[in-house]
Amino acid sequence: MRKDKNMDIKASDIKELREKTGAGMMECKKALIEANGDAGEAEKILKEKGLAAVAKRSDRATGEGRIFIKQDGNKIAMVELTCETDFVAGNKDFIEVGEKIAELAVKSGKEGVSDEQNALMQELAIKIRENMAVRRSTVVEIPAGAAASTYIHHNFKIGSVVVVNGSTDERVTKFAHECCLHLAANTPSYIKKEDVPADYVAEQNEIFRKQMDDDPKVSGKPESVKEGILKGKVSKHLAEICFMDQMFIDDEKKSVEAKLAETGKEVGASLAFGKIELFVLGK
């Protein structure tokens, strides 16, 4: 089909196409001319151009984005969307699509990023013409008799979900929420010491041993003493990066684990952590 460069394109048609695709006014006019006024064909042309533009940007870093949390009954979904710029991360369309993607996750109840979620993200990427992705998606199910809470930091770059099994007492829900705040503030790498890989522990042993060998105040001490110091240094480091061993955000004299036991005693129940999720944008 030959395009008629001189054909009269209505401003209303250009406006309607722009609202559908998000493309610029001139791009819409050119597409309508190329499609000889056929709005459906013009939309297809713009989509193809958008796909090409997105493909060209596929290697662009996506260091910005937003965390979304959606709850429906006993299911909580948390998803991470990434993009190139903070301007897009705060864009109304980006936020609306993020809410839809989180809603899809909570309704499906399935772990991981789905084709449907990716399709919504790609549709927006074509419209905005910026590299973006659904980086991860998780769903937490709250068991019967458990308390749960969620938190998203004010910059939307950190999100957390905590489930505490054993009681639905409001004091346990409050504790779960404090744990969410703790996770966001301290961003632990692991939940408990047993989760830390053996090779990481070995690496830390080597680092601290080298530091001790280079310290004249320590290097001359007996091996048994140095082993004790080394064990203490590694234990302290692990306590700093493991959630259960960190000092609790609302009571720095007690560990998270100790606070869990204390809360259980208060409500007369045996409490245990259920699912714990922490999303930090890009990490």
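The values are calculated or read from the model by the stated rules, or taken from the named source; none is laboratory data. All figures in this text were calculated on a predicted structure; none of them were measured in a lab. Counting neighbours? That spans all protein chains shown, and the Cβs are built from the backbone with ideal geometry, glycine included.
Can you name every residue in the stretch 129-154 that is free of Cβ contacts under 8 Å to residues at least 12 places away in the same chain and touching a His at 6+ places or on another chain (Cβ under 7 Å)? Once the filter is applied, which keeps residues that are free of Cβ contacts under 8 Å to residues at least 12 places away in the same chain and touching a His at 6+ places or on another chain (Cβ under 7 Å), the stretch 129-154 yields nothing.
Selection of the stretch 74-116 for residues being touching a Phe, Trp or Tyr at 6+ places or on another chain (Cβ under 8 Å), part of a helix (DSSP H, G or I) and either without any contact (Cβ under 8 Å) to a residue 60 or more places away in the chain or surrounded by fewer than 13 Cβ atoms within 10 Å (Cβ to Cβ) (or both) yields V88, G98, E99, I101, A102. Apart from one condition, I126 fits all of (1) out of contact with any His (no Cβ under 7 Å at 6 or more places or on another chain); (2) under 30 Å from L271 (Cβ atoms); the exception is (2). One residue alone among L120, L124 is on the phi < 0 side of the Ramachandran plot, over 15 Å from the mean Cα position of the chain (by Cα) and surrounded by 20 or more Cβ atoms within 10 Å (Cβ to Cβ), and that residue is L124.
Identify the residue in the stretch 233-283 that is within 30 Å of E84 (Cβ to Cβ), in contact with a strand residue (DSSP E or B) (Cβ under 6 Å, 6 or more places away or on another chain) and not charged (D, E, K, R) and, among all such residues, is surrounded by the fewest Cβ atoms within 10 Å (Cβ to Cβ). Give the steps one after another, and end with the answer.
From the stretch 233-283, those within 30 Å of E84 (Cβ to Cβ) are 277-283; that's our starting set.
Next, only the ones that are in contact with a strand residue (DSSP E or B) (Cβ under 6 Å, 6 or more places away or on another chain) stay: 277-281.
If we keep only those that are not charged (D, E, K, R) as well, we get 278-281.
Numbers: L278: 22, F279: 24, V280: 15, L281: 21.
Ranking the candidates gives V280 first.
Tell me yes or no: at least one residue of the stretch 189-200 is among the β-branched types (V, I, T), under 30 Å from A272 (Cβ atoms) and free of Cβ contacts under 8 Å to residues at least 40 places away in the same chain. Let's see the steps before the verdict.
Within the stretch 189-200, the subset among the β-branched types (V, I, T) is 191, 196.
Narrowing the set further to residues that are under 30 Å from A272 (Cβ atoms) leaves 191, 196.
This time we only want the ones that are free of Cβ contacts under 8 Å to residues at least 40 places away in the same chain, so: none.
No: the stretch 189-200 contains no residue that is among the β-branched types (V, I, T), under 30 Å from A272 (Cβ atoms) and free of Cβ contacts under 8 Å to residues at least 40 places away in the same chain.
I'd like the full set of residues that are buried (at least 16 other Cβ atoms within 10 Å of the Cβ) and of a type in the set (F, W, Y), limited to the stretch 180-219. Passing the criteria: Y190, F208. In the condition set (1) assigned to a helix (DSSP H, G or I); (2) under 30 Å from D250 (Cβ atoms); (3) touching a Leu at 6+ places or on another chain (Cβ under 9 Å), I126 is compliant with all but (2).
Restricting to the stretch 16-31, and then to whatever is under 20 Å from A125 (Cα atoms) and basic (K, R), can you tell me which residue is modelled with the highest pLDDT? Only one residue fits best here, namely R18.
Suppose the filter is within 30 Å of E64 (Cα to Cα) and surrounded by fewer than 17 Cβ atoms within 10 Å (Cβ to Cβ); does S224 pass it? So S224 does not fit the description; no. Within the stretch 259-283, being in a helix (DSSP H, G or I) and under 28 Å from the mean Cα position of the chain (by Cα) holds for K259, L260. Criterion first (modelled with pLDDT under 80, crowded, with 17+ Cβ neighbours inside 10 Å and in a loop (DSSP other than H, G, I, E, B)) does A61 satisfy it? No; evaluated as a whole, the condition is false for this residue. Against the condition among the hydroxyl-bearing types (S, T, Y) and in contact with a Gly (Cβ under 9 Å, 6 or more places away or on another chain), how does T168 come out, does it pass? Yes: the conditions hold for T168. Residue check: is T168 closer than 19 Å to D72 by Cβ and assigned to a strand (DSSP E or B)? Judged against the criteria, T168 is not a match.
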